[in-house]
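Structure first, commentary second.
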């Protein structure tokens, strides 16, 4: 789950990460009142779940209140297009108004999971304000890494090592160490999958501050964080993905024409690949899970059909916990209830596969039974065209 910058900063501040004074606003009047309270210079920042806001015109520094009012009018309500929103952009419904700070130097700090190591790592760079992907591609030597040992956390010596390597002045080392350790502690406590401060700044008067903050929380840990549920902004998410989450369906919308319904994330990824290899384009990632019920299958169908770009459906299932006959009954009932008109190709293997195929054949509905993944992919791609 992604959260907004102002929400991330509020959480980090509780752990001791220094953040600028700021207020969130949902209307132009609220935003201007916040600017008056904070005084000039101030910064007007669009709050959307995407990076690159500054390049897209969603972040403006106002040197006086007149400029602040102008920036508020321009940003609030705009459709902000960045490299992460895609060409359709994202509608700006809230702003963060912050005090302006005199910046001496910018740094990048981030924590995420290194899957090769099986441990979290803190990354740091002197190239603050830049996309870390760009730094990694063009100047990988400028990225510092420190492994965070499970059960131990980020040691003070590691934080000092990073601070000195970044060239932070000796007078600010202590503040930087506290900030880095606080970030690591917040990351662990929140069950985050990403915690990023870009940029972390050194002000001209020697203060260390988190000028920006991005936190992603692991959805699988949300049962431990009921207090975070209210932080979710469904308006920032794809409506079909929001709907799928209500039924514990792992769904991600894509731009293709072949809808996929699969049980198991690995098989789902393989299914998407083989559709591409067969000349088609997947319309989604959908993992119904190993223990899907008929109700979940029905709702999965409804969500797939809500995508107007879908021209055919490929059901690719290995019957283990989810038996093939249970799947077949669920698919037939869902297709009848929803009045499915587009072609459906089914490839199933595993428990009760013969019974499952018999149920599909005798349903009288428009099912094509495939003999293996390759055959299924080729058939569904042809039907989608």
Among (1) within 22 Å of residue 115 (Cα to Cα); (2) in contact (Cβ under 8 Å) with a residue 40 or more places away in the chain; (3) touching a helix residue (DSSP H, G or I) at 6+ places or on another chain (Cβ under 9 Å); (4) in a helix (DSSP H, G or I), the one test that residue 194 misses:
(4)
Residue check, residue 161 against (1) surrounded by 15 or more Cβ atoms within 10 Å (Cβ to Cβ); (2) in contact (Cβ under 8 Å) with a residue 40 or more places away in the chain; (3) more than 30 Å from the chain's Cα centre (by Cα); (4) not in a loop (DSSP other than H, G, I, E, B), all met but one. Which one?
(2)
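Where residues in the range 265-284 are touching a strand residue (DSSP E or B) at 6+ places or on another chain (Cβ under 6 Å) and part of a helix (DSSP H, G or I), which of them is nearest to residue 372 (Cα to Cα)?
If we filter the range 265-284 for residues that are touching a strand residue (DSSP E or B) at 6+ places or on another chain (Cβ under 6 Å), which is where we start, we get 265, 268, 271-272, 275, 280, 282-284.
Among the residues that remain, those that are also part of a helix (DSSP H, G or I) are: 265, 268, 271-272, 275.
Numbers: 265: 18, 268: 14, 271: 11, 272: 15, 275: 13 Å.
Filtering the range 265-284 for residues that are touching a strand residue (DSSP E or B) at 6+ places or on another chain (Cβ under 6 Å) and part of a helix (DSSP H, G or I), the one nearest to residue 372 (Cα to Cα) comes out as 271.
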Here are 105, 67: which of them is within 19 Å of residue 44 (Cα to Cα) and surrounded by fewer than 20 Cβ atoms within 10 Å (Cβ to Cβ)?
67
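So which of 72, 97, 48 is part of a helix (DSSP H, G or I), crowded, with 21+ Cβ neighbours inside 10 Å and either in contact with a helix residue (DSSP H, G or I) (Cβ under 7 Å, 6 or more places away or on another chain) or modelled with pLDDT of 95 or more (or both)?
On the way: 97 fails: part of a helix (DSSP H, G or I); 48 fails: part of a helix (DSSP H, G or I).
The conditions single out 72.
If we scan the range 58-77, do we find a residue that is out of contact with any strand residue (DSSP E or B) (no Cβ under 7 Å at 6 or more places or on another chain) and under 23 Å from residue 127 (Cα atoms)? Show your work before the answer.
First, the residues of the range 58-77 that are out of contact with any strand residue (DSSP E or B) (no Cβ under 7 Å at 6 or more places or on another chain): 63-67, 69-70, 73-74, 77.
Next, from what is left, pick out any that are under 23 Å from residue 127 (Cα atoms): none.
Within the range 58-77 (the criterion being out of contact with any strand residue (DSSP E or B) (no Cβ under 7 Å at 6 or more places or on another chain) and under 23 Å from residue 127 (Cα atoms)), the answer is no, since none of the residues qualifies.
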Can you work out which of the residues in the range 24-45 that are at negative phi and assigned to a loop (DSSP other than H, G, I, E, B) is farthest from the chain's Cα centre (by Cα)?
40
Subset of the range 334-385 (residues that are touching a residue at least 40 places away in the same chain (Cβ under 8 Å) and crowded, with 18+ Cβ neighbours inside 10 Å):
334, 373, 376, 377, 378, 380, 381, 383, 384
Could you check, for the range 285-299, whether at least one of its residues is in contact with a strand residue (DSSP E or B) (Cβ under 6 Å, 6 or more places away or on another chain), within 17 Å of residue 383 (Cβ to Cβ) and touching a residue at least 12 places away in the same chain (Cβ under 8 Å)?
no
Here is a list of conditions, (1) out of contact with any strand residue (DSSP E or B) (no Cβ under 6 Å at 6 or more places or on another chain); (2) surrounded by fewer than 21 Cβ atoms within 10 Å (Cβ to Cβ); (3) assigned to a loop (DSSP other than H, G, I, E, B), and residue 322 meets all of them except one; can you say which number that is?
(2)
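The values are calculated or read from the model by the stated rules, or taken from the named source; none is laboratory data. Note that the structure is predicted; figures quoted are calculated from it, not measured. Cβ sites come from the backbone with ideal geometry, for glycine too, and all protein chains shown count toward neighbours.
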